[in-house]
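Remarks on the structure that follows.
Read the figures in this text as sums done on the coordinates, not as results from a lab. Quantities reported herein were computed from a predicted structural model and do not represent experimental measurements. Positions of Cβ are generated from backbone atoms using ideal geometry, with glycine treated the same way; all protein chains shown enter the neighbour counts.
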Amino acid sequence: MEEKRRVLLLGASGYLGSQIYQELLRDNTIDLIGTCFSAQAVHQLLRVDVTDTLSFSAILHEFSPHVVIWALMSATDERELIEKGLDVLLSQLPEKSKLIFISTDGIFGKGTGSYREEDPPEPLDGRNLIATYSNAKIRGEARIRERHPNHVIVRVGPIYGRNCVGQWDKRVASMCADLEAGREISRTGNLYKTFVHVEDVGNAIHELLHGSYHGTLHLGPAKKESYYSFYKKMALALGLNADGVKETLLTEAEALERGIPLDTSLRTKKAHELLQTRFRQAGWENGNENDKGV
Ligand SMILES: NC(=O)c1ccc[n+]([C@@H]2O[C@H](COP(=O)([O-])OP(=O)(O)OC[C@H]3O[C@@H](n4cnc5c(N)ncnc54)[C@H](OP(=O)(O)O)[C@@H]3O)[C@@H](O)[C@H]2O)c1
């Protein structure tokens, strides 16, 4: 019998990681280990702090994975995840093993939109609240390119939807709480992103794990959305009061002042050509308005 491929999923307790974990559990060609860090009641998962160099090294040595998926994010110190955790991973991972690293549209700090895979990253202005996170991702990507050619760097915009363990993304969850309580919400009409459904990202990662593609890939539907149009469509799709979603606009001066790039949408043509996975547009599925992509 052929040896199963050993897959180490770092961040299996997270919002996206839970989706990928459940998706990969159904694949009987792989031997899967998923990790958690601080989450409670995650009995199937291995507790790992990737910034604890010794214990993380020992796990990598013991499991010797054919594929590692990096679905990590730190609310407190993304820099440490990259400087310490990713460094350990890159120094231990055998050349033949594949690394799938989940990155972000936040690496395009100028915000001119419709970014291609080959466009160079643009550091985010330090005044932006997620600058530490995005700029650490830029360094992470650069290190992976230098040190581990057998990689796929996947970039995504905001991920949304209910994952297969029933968890909603924070953005939609907070919208639901407000609208259900009768509170209006304001969202920016001139701030654009490529919103991508959590299930579609999970499917794409599964495909990439088995596929031969190497390099950077942008995932998501073809069309960008503003925050306002995204929330409005989601409210409608969920049967909530969409009139409670109000539009605000960000002036260029305000955006500059707060270091906010106005358009970090991704060009996703390559993924559409390469993958079988189809990426639904928010509030729509397969182009059919009645089949809601929520
Ligand atoms: N969500 C989005 O909209 C979005 C957009 C663009 C890119 N991404 C990327 O997608 C990936 C997944 O994001 P997510 O939204 O699923 O994040 P998340 O829900 O915050 O999950 C983060 C994961 O990282 C783990 N973690 C944190 N610190 C760790 C440490 N020191 N050692 C080991 N594990 C640690 C967490 O474990 P515990 O939960 O057990 O503490 C959790 O499993 C990330 O790479 C993120 O950058 C997400």
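Points worth noting:
- Kirkwood hydrodynamic radius of the chain, from inverse mean 1/r over distinct Cα pairs, in Å: 19.8
- For region 2-39, trypsin sites (Lys or Arg not before Pro) meeting the loop criterion (DSSP other than H, G, I, E, B) and having at most 11 other Cβ atoms within 10 Å: 26.
- Taking GluC sites (Glu not before Pro) in DSSP loop conformation with at most 12 other Cβ atoms inside 10 Å as exposed sites, the chain has its longest uninterrupted site-free stretch at 185-294.
- Phi to ³J(HN,Hα) by Karplus 6.51 cos²θ - 1.76 cosθ + 1.60 over region 217-233, Hz, x for Gly, Pro: 9, 8, 9, x, x, 6, 9, 7, 9, 7, 4, 4, 5, 4, 5, 4, 5
- DSSP beta bridge pairing in the chain, given as percent antiparallel to the nearest 5: 10
- Helix 170-180 and the long axis of the chain differ in direction by around 30°, with both axes built from C-alpha atoms.
- Exposure proxy order (Cβ contacts within 10 Å, fewest to most) of 223, 193: 223, 193
- Value of [θ]222 nm, deg cm²/dmol, for the chain, DSSP H segments ≥ 4, -39500 (n - 2.57) each, nearest 500: -9500 deg cm²/dmol
- If you bin all the Cα-Cα distances of region 28-144 at 10 Å, starting from zero, the percentages per bin are 12, 40, 32, 15, 1.
- Distant-in-sequence amide H partners of residue 46 (H built 1.01 Å from N, under 5 Å): 34, 35, 36
- Segment residue 214..residue 177, full-extension length gain: 9.2 nm, with 0.36 nm per residue of separation and the alpha-carbon distance subtracted.
- Label-point separation, residue 150 to residue 190 (7 Å along Cα→Cβ), nm: 4.9
- Vicinal HN-Hα couplings computed from phi for region 259-266 (Karplus, 6.51 cos²θ - 1.76 cosθ + 1.60; Hz; Gly/Pro x): x, 9, x, 6, 9, 10, 5, 10
- Distance between modelled label sites at residue 132 and residue 242, nm, 7 Å Cα→Cβ extension: 3.9
- Simple spin-label estimate for residue 44 and residue 95 in nanometres, 7 Å along Cα-Cβ: 3.5
- Converting phi to 3J(HN,Hα) with the Karplus coefficients 6.51, -1.76 and 1.60 and the offset θ = phi - 60°, region 78-86 yields 4, 4, 5, 4, 6, 5, 9, x, 5 Hz in sequence order, with x at every glycine or proline.
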